[in-house]
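**Student:** Let me begin by handing over the structure; questions about it come next.
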Amino acid sequence: MSFAIQINGNTHSLDVDGDTPLLWVLRDVLGMTGTKFGCGMALCGACTVHLDGVAIRSCITPIDSIGTSAITTIEAIGATAVGAKVQKAWLDLEVIQCGYCQSGQIMSAAALLAATPQPDDADIDAAMAGNICRCGTYVRIREAIKQTAKSIEQRG
């Protein structure tokens with residue numbers, strides 16, 4: 001089937017089966033490998049992207065469900081004001097250890113902070129609960145989210 005989808009501000013014309021997961025379209029068809037395959041069942045968060053600004057799991061999102069919605073991936077999150085601040089905090093606090101889960105972590109954090117610029121611990125827990133970090137960088141992730149929130153509060 002033929003689909004035209006918006007990814008990172010660009011329209012991509014695709015000829016794939018409608019039930020093809022967005023993750024495989026991104027990685028295998030478009031060569032955008034920043035979004036990672038983890039579990040394939042939406043349990044680990046490695047495949048997180050934004051659909052109209054909302055964090056979703058691309059491994060279980062069929063391409064025929066996208067319609068005219070805008071997809072943002074890790075490749076473009078730094079072009080957003082919040083995404084750039086999240087990435088800066090991640091680097092400042094040296095959040096990354098092995099790095100495999102971090103694109104999904106950053107995407108979930110950016111969606112949280114775009115919707116809730118001053119999250120409390122419960123907001124952070126709820127937004128990040130579906131993202132697993134095998135290396136256990138959760139403390140640094142939480143601190144990076146809080147640092148980003150302070151940056152948003154101070155500079156807008």
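**Student:** Can you name every one of the helices (runs of 4 or more DSSP H) wholly within the range 88-156 that holds 2 or more residues which are over 15 Å from Ile77 (Cβ atoms), at pLDDT 95 or above and aliphatic (A, V, I, L, M)?
**Tutor:** 121-128, 138-155
**Student:** Against the definition (surrounded by 21 or more Cβ atoms within 10 Å (Cβ to Cβ), over 17 Å from Met128 (Cα atoms) and at pLDDT 95 or above), how does Thr72 come out, yes or no?
**Tutor:** yes
Here's the yes/no breakdown for (1) surrounded by fewer than 17 Cβ atoms within 10 Å (Cβ to Cβ); (2) hydroxyl-bearing (Ser, Thr, Tyr); (3) in contact with a Cys (Cβ under 9 Å, 6 or more places away or on another chain); (4) under 27 Å from Leu14 (Cβ atoms):
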| residue | (1), (2), (3), (4) |
| --- | --- |
| Ala79 | yes, no, no, yes |
| Gly83 | no, no, no, yes |
| Glu94 | yes, no, no, no |
| Thr116 | yes, yes, no, no |
| Asp120 | yes, no, no, no |
| Asn131 | no, no, yes, no |
| Gly136 | yes, no, no, no |
| Ile145 | no, no, no, no |
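**Student:** Of the numbered conditions (1) under 27 Å from Cys135 (Cα atoms); (2) outside the structural domain of Val139 (by TED's automatic domain parsing); (3) not in a strand (DSSP E or B), Val82 fails exactly one; give the number of that condition.
**Tutor:** If we test Val82 against (1) under 27 Å from Cys135 (Cα atoms); (2) outside the structural domain of Val139 (by TED's automatic domain parsing); (3) not in a strand (DSSP E or B), just (2) comes out false.
**Student:** Let me ask something additional. Quick one: is Ala55 hydrophobic (A, V, I, L, M, F, W, C), in a loop (DSSP other than H, G, I, E, B) and assigned by TED's automatic domain parsing to the domain that holds Asn8?
**Tutor:** no
The values are calculated or read from the model by the stated rules, or taken from the named source; none is laboratory data. Everything numeric in this text was worked out from a predicted model, so none of it was measured. Because the Cβ atoms are built from the backbone with ideal geometry, glycine has one as well, and the counts that use them run over all protein chains shown.
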